[in-house]
Structure formats: structure tokens, C-alpha cells
Amino acid sequence: MKKKVLSMLLVAAMTASLCACTNTATNPSGESSNASTEQGSNASSVDGGNTQQPEVVTPSIAWADMEYDDASAYVYDAALGEFSDIYAKAASAKSDSESYALQALAEAKLLEAAVMLPTQSRGGNYAISRIAPKSVTPVLWGNDNERVHQAIVCTEFITSGDREEMRAKYTELKGTGTWEQWAKDYLTGKGYTLKDTYNTAYSSDPITWDVISTSQAADSEKIVQTYDGLVEYDLEGVLKPALAESWDVSADGKTYTFHLRNTVWVDSQGRKVADVVADDFVAGFQHMLDCPDAPWYLVQGLVVGASEYIEGEITDFSKVGVKAVDDHTVTYTLEEPASYFLTMLGYGAFAPMSRAYYTSQGGKFGADYDPAADTYKYGTTKDNIAYCGPYLVTNATEKNIIKFELNKSYWNKDNVNIKVQNWLFNDGTDTLKSYNDAVAGVIDGAGLNSSALEIAKQDGNFDKYHSISECDATTFSLFINLNRGTYANFNDDTKAVTTQSEDDQLRTKVAVNNIHFRRAICFSVDRAAYNAQTVGEELKLTSLRNSYTPGTFVFLTQDVTVDINGKATTFKAGTNYGEILQAQLDADGVKIKAYDKATGSSDAFDGWYNTANAKAELSAAIDELKAQGVEISASNPIYLDLPYFSGSTTYTNRANVIKQSIEAALDKNVIVNLVECKEATDWYYAGYYPSTGDQSNFDLCDLSGWGPDYGDPKTYLDTFLDEYAGYMTKMLGIY
């Protein structure tokens with residue numbers, strides 16, 4: 001497979017100095033099965049008689065001598081085979097509703113496999129802010145909700161009462177096209193002063209400025225300010241023209257034709273470098289398919305020829321279904337109709353890229369693509385990209401500031417509310433910095449962590465200005481590494497070094513490939529106490545999430561009958577995704593509550609934490625693992641490494657909650673080693689920055705999450721596909 005080869009070449013280059021049992025770090029997202037064992041017996045003669053000694057079982061893993069790809073496939077099939085089999089059926093569903101139902105059944109199998117434990121969504125915390133509610137798009141997928149050019153920002157904090165009234169009015173006006181102006185009039189009428197600057201904090205500099213080549217939010221949230229896509233969701237969640245003035249869809253639903261407006265590309269100084277033309281979307285698409293770390297998995301099996309190009313079966317890009325008909329007309333041809341296709345266009349995978357500028361920066365396509373070449377400069381700094389969006393990056397000083405200023409050549413510059421954005425670095429070591437900076441006017445808002453919450457209550461800002469931020473569709477998780485191959489960071493083998501012995505490492509690997517052991521871990525984490533370290537005791541349940549795909553992300557638009565454990569089961573039109581998922585969990589007798597039918601939600605309760613269930617699962621695991629040569633007891637426990645950022649009190653406290661709750665629930669049969677990372681970047685390299693599973697430097701990792709790219713559950717579940725197609729399988733130590 002083309003992508004696999006490219007990824008492995010990159011890994012080989014980075015890990016050449018490591019031993020055969022590679023020591024590397026990545027984000028968890030893969031899993032394995034119960035390992036096979038080697039058994040033997042010893043006989044000895046005592047006083048002339050033959051006595052049979054107890055059978056000795058030596059722990060082993062069945063994939064120990066396999067090549068990495070083969071080992072990944074073995075582990076994946078054992079852990080996620082059921083998920084994969086059911087999910088494959090969704091691809092041939094006859095309707096969107098049938099597809100949603102089958103995907104829900106597949107997700108139930110993913111949750112039952114316990115390779116990851118959903119923890120929380122983003123939001124659900126107390127906050128104070130100068131930013132008007134609903135002044136960024138409410139759409140849950142893509143990158144548009146990171147665009148802030150239409151944000152409405154005041155010089156003063158907005159009071160709790162005014163914020164509540166605005167939210168109520170938004171519900172009334174949504175879809176009318178009048179909300180933005182109403183909000184401005186309301187605020188000025190209340191005596192607020194609107195401003196055209198937006199100041200915020202950030203914690204991670206972009207690794208690249210090439211939005212097409214990355215799926216990491218730490219990159220895309222900044223780069224999305226610099227370009228426009230074909231379409232964009234407005235503040236009321238309505239899809240509107242952006243670089244495309246209009247579009248048409250063929251009668252068979254397979255061909256989308258976009259008609260482009262006249263606009264230009266400029267450099268970081270605002271100087272024109274080229275016109276925006278249809279071929280720039282072709283160039284961007286080919287570049288995306290060329291990049292190993294790009295989200296090319298989104299278009300496999302979707303756009304004509306994309307899969308064949310990815311696999312290397314075709315090298316002539318003209319056979320891929322993205323065409324420039326003329327300078328102002330671009331078409332996308334799909335293999336089959338996809339009702340969600342337009343919802344994908346707000347994501348970086350579909351961003352345009354000036355072909356002329358890219359090649360001027362040493363960029364090449366196809367087999368000639370080589371980002372390691374000395375001449376390749378594209379995306380390496382803010383001065384090595386072309387801009388066609390609202391902003392230019394005029395300053396990007398590492399761990400200091402990123403400054404965006406209005407692009408005077410932007411086609412819609414007269415309708416931009418925010419002319420300047422200042423992103424100020426905050427490494428999280430000072431738990432009160434964001435709050436103090438917000439009060440001082442350095443930044444325009446702050447979430448109230450448990451420390452800031454107490455101060456805000458004391459100084460009166462809580463009573464006057466607090467609100468509860470809305471939860472989004474991002475799902476953060478605790479991942480279990482099933483095939484750990486590295487025990488120090490891949491970029492620096494002196495960082496995040498394990499204390500486990502080789503025997504500990506082998507015992508852990510055998511244990512985590514037992515489904516009952518994994519379930520015991522997942523049932524033993526007190527997620528509410530964990531979340532309280534961030535949002536405070538009062539709101540600890542608000543943002544808890546119990547499924548990977550939010551239970552209300554989609555619903556059936558027609559009646560659907562699916563097979564659940566041999567029983568034909570009908571779900572009526574209007575049924576939420578989460579209800580179907582829960583039906584499969586219940587049928588399987590796995591004690592996970594991922595969806596509450598009474599509240600119609602998968603959020604705001606803890607449907608996993610149960611110490612009785614944890615103990616029962618561990619008991620089953622102990623019996624099975626004993627037969628594999630792994631004895632588990634309080635005097636001979638399994639050790640699990642959890643990297644954490646010690647510079648942050650909040651993250652330190654969260655790590656300690658995981659440690660204490662697991663160890664208490666499992667009676668010290670499992671010990672969590674907290675692996676200190678003194679710098680946030682060391683933590684990221686242990687479990688966020690790695691691009692392949694063999695770089696993952698942890699047994700447990702709570703550093704990564706997933707936000708949807710488009711409006712179909714596939715956007716979540718595809719991340720657990722095998723053969724390097726799933727972005728999150730690397731978090732499981734595979735692919």
C-alpha cells in the first residue's frame with residue numbers, strides 16, 4: 001500500500017538508532033487479541049522416583065516475531081474484528097438511515113472492545129467572556145467553527161443575564177439571516193462597545209503551516225484563518241458560498257460543479273502571487289493524497305480514482321475525479337452519491353493550494369513529492385504559504401505570539417468583524433494566568449478551572465459574568481496501547497523514559513490484549529472526579545461523554561430494521577444514533593451505558609465508572625491470563641505507564657485521579673506509573689505528535705481526542721479503520 005510504505009519509511013528514518021523492539025511514541029488507537037502461549041513441563045528424579053513438576057507457562061505474544069504491519073493486522077483483528085465486520089456492512093447500506101443504524105451497532109462493538117474510554121467533550125465549563133454567544137458557526141464538524149472573522153467582541157465582559165437573553169433570541173432567529181446584525185444592535189443598545197480585535201490564548205505552536213498535510217487541531221485552528229474553502233457555514237449554521245459563488249449537483253448525485261469568484265493569492269506581506277483558479281483545488285487535492293500524514297482517508301472510496309491513486313494503482317492524477325473545467329469551474333465526481341459531501345468541504349482536506357506558489361517553494365507531486373528535500377520549503381513557516389483567506393500572519397514567534405491581520409486583498413474584507421487577532425502563548429503552568437489575563441483585558445475570555453472558579457466567586461466576577469460554555473462534538477478519550485514498541489520519546493530518548501523492566505513490559509503487553517483486563521481498566525476510572533480537576537466539582541458531569549460519536553449526532557429519517565444478535569429489530573424514524581448503539585450494548589450484556597433514552601443524550605452522566613464491574617472483569621482477566629503465564633496479584637501487579645505534564649497542576653491532578661481510581665478499584669493488582677513530562681512538548685511527543693503506532697510511548701494516554709470532519713458518523717468511526725486508513729489506530733500502538 002502506497003501510504004503504508006511512505007509512513008514506514010518515515011518511521012524507519014526516525015527510529016534507526018533504536019533497538020529491534022522499537023521504542024517510540026504515538027497517540028493510542030489500536031488493539032490486539034489474547035496472546036498465544038508456549039507451554040512446557042520439567043521432570044526430575046527425587047530419591048530414585050519420577051515426580052511430575054507443575055506446568056510452567058512462559059508469557060509470550062503471538063505476533064512477537066511478525067513484521068510490524070503483520071503484527072498490527074493481528075492485533076487489530078483480535079481486538080476490533082467485530083467492529084470492522086459490522087462497520088463494513090454500513091458501506092453497502094441502501095439508505096443513510098440504514099447506514100447510521102449499522103454504524104451505531106459497529107460503534108457498540110468498538111466500545112465493548114475497551115481499547116479507548118471516552119472521557120469528555122470540549123466545553124461544559126464555567127467561563128467569562130467578552131465574545132458574544134453564537135458569534136462563530138454552531139456547526140459541529142470541519143474547521144469552520146475555528147474561524148473567528150465574524151466574531152462579535154466587546155471591550156467589556158458580557159453579563160450572565162445579557163448572554164442568556166441573546167441565546168434565547170438566537171433560537172428564535174436562527175435560519176433567518178438576521179442574527180448577526182441583531183446581536184450587534186442588542187449589545188450596543190445595552191451600552192457595550194464593539195471592537196475589531198480578538199485576543200486569545202494558545203498552548204501549542206503549529207508543527208506545519210500547510211493545512212492540507214495535517215489533521216491536528218493545534219495546526220488547523222491557526223491555519224484556517226489564512227484561507228477560504230469553496231463554501232462556509234455562517235453564524236446560523238447555514239452553508240453559504242465562499243470561494244465558490246454557486247454550485248450545481250448532477251441528477252445522479254455524483255458530480256458537483258463549483259463556479260469560482262474572482263480573487264487572488266498573496267504572500268505573507270500581502271503581495272499578489274497568483275489568481276485563485278480552479279486548478280488550485282486540483283493541486284490541493286493531489287497534494288493531500290500525496291502527503292502520508294494528510295487526511296486522505298476521508299476520500300478513499302468516495303472520489304473517483306482517489307483510492308487507486310492512494311494505493312499506487314494509478315499514477316496519472318488526471319484519472320482522479322477532481323477536474324478544472326476552466327479557470328473558474330471545478331468539478332468533483334464521486335463513486336456513489338454521498339449526501340454528506342457538501343459538509344466535508346469546510347475541512348482542510350479540501351482546501352485550495354496555489355500550484356504556482358507551491359512549486360516555487362520546492363513542492364512536487366506524485367512520486368516526486370519529497371518534503372525532506374533541501375529545496376522543499378512549503379508550509380515550513382508562515383512566510384512559506386500563500387493566503388486567500390481573511391488574514392495574513394504578520395508575526396509567529398514560537399511560544400510567544402501569533403498575530404493575524406486583515407488581508408486587504410480578501411474578497412469579503414468589508415464584512416469581516418475582526419481585523420486583528422492576537423494569539424498569546426500559555427503553557428498551562430500557571431493555573432490562574434488565563435483568568436488573570438482575561439480580567440486584565442489581555443485576552444477576551446477564559447474558562448474557569450477549579451482554581452480560577454474560586455477566585456472569580458470571591459471577586460464577584462462569577463456572579464456577574466459567568467456562563468456555561470456549550471459542549472461541542474469533540475470526544476476526548478483515554479487510550480490503551482495494545483502493541484507498545486517504544487519506552488522513551490521517539491524525538492528524544494531521554495524524555496518520558498519508562499521505569500518498567502523488560503519482564504514488566506511483556507506482562508503488560510499480554511494483559512492489555514485481554515478484553516476483560518481492558519474493560520476492568522475502563523470501568524475503574526472515576527471520570528467525574530477526573531473532569532472536576534478541569535471544570536470544578538459543580539460541573540463535573542456536564543461535559544462527560546459516554547460514546548465516541550455523540551448520541552445525537554444524527555438520527556434516522558425513516559424506519560430501519562437491522563439484525564441485533566439474530567433478532568430483527570426495527571427503529572422508527574426520528575430515533576437517535578445513540579439509542580441504536582445502546583440497544584446493541586444491552587443485547588450483548590456489556591455493562592456500559594452510552595446513551596440515556598430518558599434525556600436523549602450520551603452526555604452529562606457517567607455510564608462507565610463502576611468498581612463492582614471493574615472487579616468482576618479483572619477477576620475474569622486474572623483467570624484467563626494465568627493460563628497465558630501471567631500471574632496477577634497485589635504483590636505482582638501489572639504496570640501501566642501514563643505520561644503527564646507535571647508543569648500543570650490541573651493535568652497533574654487529572655493524572656493522579658486516573659492512578660488513584662484504577663489502583664483503588666482494582667485493589668492494587670494494577671499500578672499506574674505516572675511518567676513525568678516537565679515540558680508540555682515532551683507530553684505531546686509521548687502521545688499526540690507521533691504519526692504511527694510504533695512511536696507511541698505510553699500504556700495509557702489521555703492526551704488526544706477527535707472532532708468530526710463532516711456530518712456523518714463515518715467521520716468518527718473511520719478513524720478506527722485498519723491498514724493505516726484510521727487516524728486514531730496509532731493511539732493503540734498499531735499502524
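Every number here is computed from the coordinates shown, using simple stated rules; none is lab data. Keep in mind that this is a model prediction, so the values were computed, not measured. Note that each Cβ is placed from the backbone with ideal geometry, even for glycine, and that neighbours are counted across all protein chains shown.
Apply 1/(1 + (r/R0)^6) to the Cβ-Cβ distance of SER409 and THR650, taking R0 = 35 Å, and write down the FRET efficiency to the nearest 0.05.
On the way: r = 42 Å, r/R0 = 1.20.
So, using R0 = 35 Å, E works out to roughly 0.25.
What list do you get for HIS516, HIS328, HIS149 if you sort them by fewest beta carbons within 10 Å? Spell out each step's value before the answer.
Details: HIS516 20, HIS328 17, HIS149 24.
Ordered from fewest to most neighbouring Cβ atoms within 10 Å, HIS516, HIS328, HIS149 come out as HIS328, HIS516, HIS149.
Can you list residues whose amide H is under 5 Å from CYS471's amide H, if they're 5+ apart or on another chain and H is modeled 1.01 Å from N?
Here GLY124 satisfy the definition.
Using 7 Å Cα-to-Cβ label points, what is the SER339/ASP492 separation (nm, one decimal)?
Each label point is offset 7 Å from its Cα along the Cβ direction, giving 5.0 nm.
Would you work out which of SER704, SER543, ILE671 lies farthest towards the positive end of the dipole of the chain, given +1 charges on the beta-carbon of Lys and Arg and -1 on that of Asp and Glu, about the Cα centre?
SER543
Run the numbers for THR188 and ASN262: contour at 0.36 nm per residue of separation, minus the present Cα-Cα distance, in nm. Can you show the working numbers first?
Working: separation 74, 0.36 × 74 = 26.64 nm, distance 3.49 nm.
Extra length available between THR188 and ASN262 comes to 23.2 nm.
By its C-alpha gyration tensor, with a ≥ b ≥ c as the square roots of the eigenvalues, how is segment 128-252 shaped: rounded for a/c under 1.5, else prolate for a/b larger than b/c, else oblate? Walk me through the numbers before you get to the answer.
Working: a/c = 2.44, a/b = 1.29, b/c = 1.89.
It comes out oblate by the Cα gyration axes.
Grab the other residues whose beta carbon is less than 10 angstrom from that of ALA356, score K and R as +1, D and E as -1, and report the net. Don't skip to the end; give the middle numbers.
On the way: positive: ARG355; negative: ASP275, ASP279, ASP280.
Net charge in that neighbourhood comes out at -2.
Across segment 696-704, in residue order, what do the Karplus-derived ³J(HN,Hα) couplings come to in whole Hz, using 6.51 cos²θ - 1.76 cosθ + 1.60 with θ = phi - 60° and x for Gly and Pro?
With coefficients 6.51, -1.76 and 1.60, one gets 6, 10, 5, 9, 10, 8, 10, 9, 10 Hz.
May I ask which of LYS659/LYS730; LYS169/LYS433; LYS190/LYS413; LYS134/LYS597 have a Cα-Cα span longer than 31 Å here? Provide the component values of the computation, followed by the final result.
Working: LYS659/LYS730 23 Å; LYS169/LYS433 33 Å; LYS190/LYS413 27 Å; LYS134/LYS597 28 Å.
Flagged as over cut-off: LYS169/LYS433.
How many angstrom lie between the C-alpha centres of segment 659-681 and segment 254-274?
Value for the Cα centre distance between the two parts: 50 Å.
Shape of the chain from its Cα gyration tensor (a ≥ b ≥ c, root eigenvalues): rounded if a/c is under 1.5, otherwise prolate when a/b > b/c, or oblate? Kindly include the intermediate steps, with their values, before the conclusion.
On the way: a/c = 1.62, a/b = 1.38, b/c = 1.17.
Since a/c reaches 1.5 and a/b is larger than b/c, the shape of the chain is classed as prolate.
Residue farthest toward the positive end of the dipole of the chain, with Cβ of Lys/Arg at +1 and Asp/Glu at -1: which of MET288, ILE515, PHE645?
About the Cα centre, the residue reaching furthest to the positive side is PHE645.
Can you order the peptides 640-648, 185-193 by their average number of other Cβ atoms within 10 Å per residue, highest first? Present the calculation step by step, with values, prior to reporting the outcome.
Values: 640-648: 23.6, 185-193: 13.4.
Those peptides, ordered most packed to least, come out 640-648, 185-193.
Charges at C-beta only: +1 for Lys and Arg, -1 for Asp and Glu. How large is the resulting dipole of segment 211-368 about its Cα centre, in Debye rounded to 20?
Details: 10 positive and 24 negative charges, 72 e Å.
In total the dipole reaches around 340 debye.
Using a cut-off of 9 Å between beta-carbons, work out the net charge of the residues near TYR609 (Lys and Arg +1, Asp and Glu -1, TYR609 not included).
Values: positive: ARG527; negative: ASP526, ASP606.
Every neighbour counted, the sum reads -1.
Hand me the tally of lysine pairs in segment 211-368: alpha carbons under 20 angstrom apart, and the pair either on different chains or 8 or more positions apart.
Close lysine pairs under the 20 Å cut-off: 4.
Can you compute the modelled spin-label distance between LYS89 and ALA573, with each label point 7 Å from Cα toward Cβ, in nm?
2.4 nm
For each of PHE479, PHE404, PHE341, count neighbouring Cβ atoms within 10 Å of the residue's Cβ, then give the residues from fewest to most. Could the numbers behind the result be given before it?
Details: PHE479 29, PHE404 26, PHE341 21.
Fewest to most other Cβ atoms nearby, the residues stand as PHE341, PHE404, PHE479.
How high is the FRET efficiency between THR315 and THR557 when r is their beta carbon distance and R₀ equals 41 Å, given to the nearest 0.05?
Working: r = 41 Å, r/R0 = 0.99.
Given R0 = 41 Å and the Cβ-Cβ separation, E is 0.50.
Take SER360 and SER246, extend 7 Å from each Cα along the Cα→Cβ direction, and tell me the distance between the two endpoints in nm.
3.3 nm
List every DSSP H helix in the chain whose Cα atoms extend 30 Å or more along the helix's own long axis and whose mean Kyte-Doolittle hydropathy is at least -1.0.
On the way: long enough: none.
Passing helices, by number: none.
Using the beta-carbon distance between THR380 and ALA627 and R0 = 45 Å, what value does 1/(1 + (r/R0)^6) give for FRET efficiency, to the nearest 0.05? Intermediate results must be reported in sequence, preceding the final value.
Working: r = 53 Å, r/R0 = 1.19.
The pair THR380/ALA627 has a calculated efficiency of 0.25.
Could you give the dipole magnitude of the chain about its Cα centre, charging the beta-carbon of Lys and Arg +1 and that of Asp and Glu -1, in debye to the nearest 20? Mind dumping the intermediate values first?
Values: 59 positive and 100 negative charges, 335 e Å.
The dipole magnitude comes to about 1600 debye.
If I stretch the segment between LYS419 and TYR202 completely, what's the gain in nm (0.36 nm per residue apart, minus their alpha carbon distance), one decimal?
Numbers: separation 217, 0.36 × 217 = 78.12 nm, distance 1.89 nm.
The LYS419-TYR202 span can extend by a further 76.2 nm.
Using θ = phi - 60° and the Karplus form 6.51 cos²θ - 1.76 cosθ + 1.60, what ³J(HN,Hα) does each residue of segment 148-153 get, whole Hz, x for Gly and Pro?
For segment 148-153, the Karplus-derived couplings read 10, 5, 9, 4, 10, 10 Hz, x marking Gly and Pro.
Go ahead and collect, in residue order, the members of segment 111-154 whose backbone nitrogen is under 17 Å from a label point 7 Å along the Cα-Cβ direction of GLU537.
From segment 111-154, the list is 126.
Which value, to two decimals, describes the C-alpha radius of gyration of segment 211-368 once divided by 2.2 N^0.38 Å? Present the calculation step by step, with values, prior to reporting the outcome.
Values: Rg = 15.0 Å, N = 158, 2.2 N^0.38 = 15.1 Å.
Taking the Cα Rg and dividing by 2.2 N^0.38 Å, one obtains 1.00.
When Lys and Arg each count +1 and Asp and Glu each count -1, what net charge do the other residues less than 15 Å away from ASP463, Cβ to Cβ, add up to? Could you put the intermediate results ahead of the total?
On the way: positive: ARG163, LYS457, LYS464; negative: ASP162, GLU164, GLU454, ASP459, GLU538.
Cβ neighbours under 15 Å give a net charge of -2.
Farthest toward the dipole's positive end in segment 211-368, which of GLN269, GLY362, THR315, given Cβ charges of +1 (Lys, Arg) and -1 (Asp, Glu) about the Cα centre?
Result: GLN269, furthest along the dipole toward the positive end.
222 nm [θ] for the chain, helices only, -39500 (n - 2.57) per DSSP H run of 4+, per residue, to 500? Write down the numbers at each step before the final one.
Details: 20 runs with 220 residues, N = 735.
For the chain, the value works out to -9000 deg cm²/dmol.
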